[in-house]
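The values are calculated or read from the model by the stated rules, or taken from the named source; none is laboratory data. What you see is a predicted model, and the numbers here were worked out from it, not measured in a lab. Because the Cβ atoms are built from the backbone with ideal geometry, glycine has one as well, and the counts that use them run over all protein chains shown.
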Amino acid sequence: MPEPLVYLNGEFLPYADARIPVEDRGMQFADGVYEVVRYYLGRPFRMADHLARLVRSAEGIELPLPPLDLIEQAMNQLVERQGMSEATVYLQITRGPAPRLHGLIDHPTPTVIAIARPASTTRPRPTLRVVTASDDRWARCYLKTTMLLPNALARERARRLGADDAIFLRDGFVMEATSSNVFLVRQGRLLTSPLTNYILAGITRGVVLELAAQIGIPVSEEPIPAHWLYQADEVFLTGTNTELGPIISVDSRSVGTGQPGAIYQRLLEAFDALTRASQPLSVRSG
Ligand SMILES: Cc1ncc(COP(=O)(O)O)c(C=O)c1O
């Protein structure tokens, strides 16, 4: 596969030509925010929601953003120019280059990077094994910043334990996984942790809540004690890359029947129908 094009500060460059200064604050302080947008059939899925979250993340770290329509066009163009149909676009905006001093800079020149990669829509989704991990991240997990080292280390620990991912627990309650949100089915109800500063407001999480309401599955956003993970009939993850990923074991204990559950299957069908339905190229709300 040829190297992907890179969007860098207004230009579309061959991968090898896309370079940033060594003193970019993204590299030195993880001083940046990001989004990952999925394209289905060449069209962005929930672009408006991703842009709204990007604005919230940027405000949360006092980072001025370039105009949103430029950002949106850059992502769409990457996909169009490379003739992609199924793709994920990674967008990252850092505070840009500056001498390495901790305080924020007055007039930053943000570095904007975007890169599109082909995505696969595997069905059925691969089943997942997860372990639990103590959540040692900071208290602003609702901001989608590039500061992901705790997530990367938790993912690696899971891998070394023979699992695919880790679910973060804080004070005995389920938060989220390293790059996705967590759903449980318990006593016929679909449960997910409420939105707090300790989890990211996943776009896919929101979509699944909408779909559950539409197809009549009772839902509750409520704090989830960790031990419910072991008793649940179903557990699954949601995320832009993961889509809906069925979990078959938690800490080596089988979930439900050890197979993707019925409510999961109904939601995945509804999700597929939605992502395959024709949508306008770009929908912007608010
Ligand atoms: C920590 C974390 N939680 C949840 C999610 C899921 O968010 P989304 O559905 O918007 O991809 C992500 C996605 O990257 C994430 O990194």
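Within segment 241-286, the set of residues being at pLDDT 95 or above, outside any helix (DSSP H, G or I) and among the small types (G, A, S) comprises G245, S249, S252, S254, G256, G258, G261. Scanning segment 213-230 for residues being within 16 Å of the ligand (Cβ to nearest atom) and either crowded, with 21+ Cβ neighbours inside 10 Å or of a type in the set (F, W, Y) (or both) gives a total of 1. Looking at R100, R117 in this structure, which one is touching a residue at least 12 places away in the same chain (Cβ under 8 Å), surrounded by fewer than 19 Cβ atoms within 10 Å (Cβ to Cβ), closer than 26 Å to A58 by Cα and touching a helix residue (DSSP H, G or I) at 6+ places or on another chain (Cβ under 6 Å)? The unique qualifying residue is R100. Away from the ligand (no atom under 15 Å from the Cβ) and on the phi < 0 side of the Ramachandran plot, is that true of V208? No; evaluated as a whole, the condition is false for this residue.
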